[in-house]
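Contents: one structure, followed by commentary.
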Amino acid sequence: MKNICVLVSGGGTNLQALIDAEKRGEIKGGKITCVIASKADAYALERAKNNGIKTRVLVRKDYADVAAYSKAMRDALIEEKADLIVYAGFMTILDEQVCDAFPNRMINVHPALIPSFCGKGFYGLHVHEAALAKGVKVSGATVHFVTAECDAGPIILQKAVEVQGGDTPETLQKRIMEQAEWKILPQAVSLFCEDRITVKNGVAEIS
Ligand code: GAR
């Protein structure tokens, strides 16, 4: 069984999707063993506690800089014996100390079809604001490996979602979560835990 550590910052609906998938037996070969939040008041912590999952809180402002915060996060993940680290709405920047310690063992869910609307500054509702401002007719979600470059690691799964007339950032976010994120994140986690993902020349292949 692989130990899955989930990093969160907010509401935690993606964490909930993972918990529900695990309960349905859909995370084959893995178990969520720890949830680490970057904010003490993240509702995701309640979701973890309600399901008997260990929680830890590492608040960014308690550390002098990104390097000190990243070191503390890396040490916590090593202590938790993490086999897989999942960014599920984790909004705090970590430096290469963390991805160097866990190469191709960290995955992120992003609420757009990478390489569109990604990179620095594209997070949460901002992503959907940018997609609507551009007038795209299709958006979606991407699950990818985390590398030192923001949102640039090998893509594991993507799912497209239609943009509808009259969409607001909030309605688009909700549709993308329901139709894409909450489905492909648990799928990708299970594929990882079943050892079905390999990365060759920066491209993820699923067997
Ligand atoms: C999700 O839409 C997730 O894809 C996005 O934040 C939201 C968190 O919601 N993440 C990013 O934008 C990261 N770049 P949740 O806390 O309810 O899972």
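Of the solvent-accessible surface of the chain, computed with a 1.4 Å probe and all protein chains present, 52% belongs to carbon and sulfur.
Straight Cα distances below 27 angstrom link residue 23 to the lysines 2, 31, 39, 49, 54, 81, 159, 174, 183, with same-chain residues fewer than 8 positions distant left out. What separates the Cα centres of the range 184-207 and the range 127-173 is a distance of 20 Å. Based on the Kirkwood approach, the hydrodynamic radius assigned to the chain is 17.1 Å, with every pair of different Cα atoms included.
Within the same chain, aspartates and glutamates fewer than 8 places from residue 134 are excluded, and of the rest, those with a Cα less than 20 Å from its Cα are 151, 162, 167, 170. Karplus-based coupling profile of the range 76-91, in residue order and whole Hz: 5, 5, 5, 4, 7, 6, 5, 9, 9, 10, 10, 7, 10, x, 8, 10, with θ = phi - 60° in 6.51 cos²θ - 1.76 cosθ + 1.60 and x standing for Gly or Pro. Listed peptides 69-77, 24-32 appear in the order 69-77, 24-32 once ranked by packing, highest mean of other Cβ atoms within 10 Å at the front. Look at where the Cα atoms of the range 31-95 and of the range 105-124 average out, and the two centres are 19 Å apart. On the basis of the beta-carbon distance and an R0 of 45 Å, residue 137 and residue 195 show a calculated FRET efficiency of 0.75. Heavy-atom accessible area for residue 193, with the other protein chains in place and a 1.4 Å probe, reaches approximately 10 Å². Accessible surface computed residue by residue for the range 24-102, with neighbouring protein chains in place and a 1.4 Å probe, gives 50 Å² per residue. Summed over the residues of the range 141-200 and divided among them, the accessible surface reaches 46 Å² per residue at a probe radius of 1.4 Å.
The values are calculated or read from the model by the stated rules, or taken from the named source; none is laboratory data. All figures in this text were calculated on a predicted structure; none of them were measured in a lab. Glycine also receives a Cβ, built like all others from the backbone with ideal geometry; neighbour counts cover every protein chain displayed. Just so you know, the surface numbers come from the protein's heavy atoms only, side chains and all, with ligands and any DNA or RNA stripped out. Shrake-Rupley method; radii C 1.70, N 1.55, O 1.52, S 1.80 Å.
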